[in-house]
Amino acid sequence: MMVSQSIPKSSIDSKYIALALVAIITLTVFYPVLSSHLISLDDNGLISDLNNPDKNFSLKGLFFPHSIDRYYRPFLVLTFIADSKIWLMEPAGYHLTNYILHTLNAFLVFFIALKLFKSYSKSEHIALVCALLFSIHPLTCESVAWVSGRSDILGTFFCLLAFYFYLSRFRGKTVLVILSILLGLLSKENALAIIPIMLIANLFLSYSKEQGLMHTAKSTIIWLIILCIPLTIYLYLRMNGLSQFDHGIKMAVSNNISTSNSAMESSLLYVPATIAFYIKKLFFPFPLNLAIYKINVVFYSGFFIFIMILAGYFYLKKHYCIIIWLMLIIVAFSPAIFAATSKIAWTPFAERYLYLATAVWALSIGVSIRHILEKAPNNARLTAIVIISIMLIFSITTFLRTAVWQNDLTLWTDTYKKSPEFAKVLYKYGVALGGTEGLAYFRKAVEVAKDKDWKDRSLVALANQAKKDKKYLQAIAYYDQALQIRPLPEYYYEAANIMITIKNSKQKEREKNIIKCIDYYEKAYNKKRDPFALYQIGFLYIELKDYKKAHLYFEDIITKFPSSRFADHAKSRLNQIKKLSHSYKSLIYPKANSLLCHSSLDQRDSQGQYSLCL
């Protein structure tokens, strides 16, 4: 019906020729990627750290981190470490690794197809078509051209490898299936989809009239137990032996749980529309867009109903094979449904989410081709023309799409044209343009953005330009708005830095600015316990000639951060205070016991400010 279990005896040379053809065509289509730069969405911070001799990465630190913010992908990071040792900061090397992994995935699709169609005389031809449809499909471009898109490629590699081992007949394949799935999960969480894919496949592959349903049920239960092993190991590693709370899972769940019933209902309405949207994308991927932030829910909900009616028709006609493959495709991109209804990713929809589903789709097309050729062999020529035409369209589209990924400007120019009202895209496009050219897009981003759509980043960009133009008060106003959205320590630091540069002829105005700076640093310290903030506060109190408060902050640094470099600087400042204040002893050791109530900067007064108990 769907598949057979063994691979036919065929010419080894013909397989090599087919694989060489896949590699050459894939390289030709993706060749422009090798000259692409690293873009702003790439993990430039990670790549820079990997090439920093002062930073060390250990296997224990990768697999058993102290905390997990959002992602836990240690095996993915290992591939970047390998790249950094070979290619250093050369972008072409990182892109080459992506191409190689993508080509290996196409090879796996080829070998899986050989097993699926072993009973058909032209199995190698269909396997070649499946591999090429996958390798040149425009939806794979985002994962291949984007260095950080490797997570999809690597996760899919192990998923396909696990499925290949599952279809194979040799002793020890169970261990290889477990290991492959585990490595897939350690590369990207989406690899979880291979577990239901294998279970659904097993329900139909293990069924036979002679052995009956009991044999199928028993086989599926056994595989369910087997597949739970890598999942259990993964969760154990992710939670560091259950000794820590996973903030990544917490974020995913909390973002997906709405506080209102109406919002929850709205989110659930997105599910059928999302399914229909991604099915349409697989068969008709146009237009290609990096930042898909909304879809026509009404249209795609209607399209979903049409798909379900069509599935019902095939069920009544007993064309179960079509329904099975439709289920497998949907399961393959099921993690993307969760992303669409939550806020864990920077865009709710993405073409890269369909990377694994594209492989399943290509195999389903192989099933369709076989069915057509068996039922209507006279249509072989027409079928070949249609397939070749689709391949040509896909090849040209993907080749042109790789040119869009050459650098930040080409990528964000294209993305802006397709998503001109998306605040995050406006911000990125403004950054890519740079200078005064980007200001209009930052302003527009501020206008259209929701609070968490990187609005603070656009405000900071406007603030930095205002600072460059020496419009300091305007820069401060922008930073204050950004801080209301996202109170990050670095924003407080930069706002304080700008405030202190404002020159006032009047002493009182100067003192007000310093007090405002102190407020910024105190709030920054409240967000992140950094001795730098305490040191700056102490220094500013010296500027105000309030040596008593300055002393307390410097003492706090020495007490709380004795091993930091700021502790040594704080000691120097304390010596400076002694010289500046003739009445130092009376200030620091007053007759009243006011200092006895001082318990560092961790206490607050009724106004929410730090209480220094002076």
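The values are calculated or read from the model by the stated rules, or taken from the named source; none is laboratory data. As the structure is a computational prediction, the values presented were derived from the model and not from experiment. Cβ coordinates were reconstructed from backbone atoms using ideal geometry, including for glycine residues, and neighbour counts include every protein chain displayed. Accessible surface areas use protein heavy atoms only, side chains included; no ligands, DNA or RNA. Shrake-Rupley method; radii C 1.70, N 1.55, O 1.52, S 1.80 Å.
Once both labels are positioned 7 Å from their Cα atoms along Cα-to-Cβ, the gap between residue 393 and residue 56 label points is 5.7 nm. Pull up the cross-link candidates among the lysines for residue 508, meaning alpha carbon to alpha carbon under 17 Å and not fewer than 8 places away within one chain. Straight-distance partners of residue 508: 516, 545. With each label modelled as a point 7 angstrom along the Cα→C-beta vector, the residue 298-residue 468 pair spans 4.4 nm.
Helical content of the chain, expressed as a calculated mean residue ellipticity at 222 nm, amounts to -22500 deg cm²/dmol (DSSP H runs of 4 or more residues, -39,500 (n - 2.57) each, divided by residue number, nearest 500). Remark on the chain: hydrodynamic radius 28.1 angstrom, per the Kirkwood mean of 1/r across alpha carbon pairs. Stretching residue 580 away from residue 407 to a fully extended chain increases their span by 56.8 nm, per 0.36 nm per residue minus the current alpha-carbon distance.
With all protein chains in place and a 1.4 Å probe, the accessible surface of region 367-487 carries 57 percent carbon and sulfur. Heavy-atom accessible surface of the chain, averaged per residue, reaches 50 Å², computed with a 1.4 Å probe. Once backbone amide H atoms are built at 1.01 Å from N, residue 349 has 292 as its partners under 5 Å, excluding neighbours fewer than 5 places away on the same chain. First check a/c for region 308-407, with a ≥ b ≥ c the square roots of the eigenvalues of its C-alpha gyration tensor; if it is under 1.5, answer rounded, and if not, answer prolate when a/b is larger than b/c or oblate otherwise. In terms of gyration-tensor shape, oblate. Relative to the dominant Cα principal axis of the chain, helix 91-116 is inclined by about 30°. Of the trypsin sites (Lys or Arg not before Pro) found in region 270-320, those that fall in a DSSP loop while having at most 10 other beta-carbon atoms within 10 Å are 317, 318. Counting 0.36 nm for each residue step from residue 436 to residue 233 and taking away their Cα separation leaves a gain of 67.9 nm.
When Rg and the Kirkwood Rh are both derived from Cα coordinates, the Rg/Rh ratio for region 388-479 amounts to 1.17. Between residue 385 and residue 171, what length in nm is gained on full extension when 0.36 nm per residue of separation is reduced by their alpha carbon distance? That pair, residue 385 and residue 171, stretches by 72.8 nm at full extension. Over region 65-135, the pair-distance histogram of Cα-Cα distances with 5 Å bins from zero comes to 3, 15, 16, 13, 12, 13, 11, 9, 5, 2, 1, 0 percent, rounded to whole numbers.
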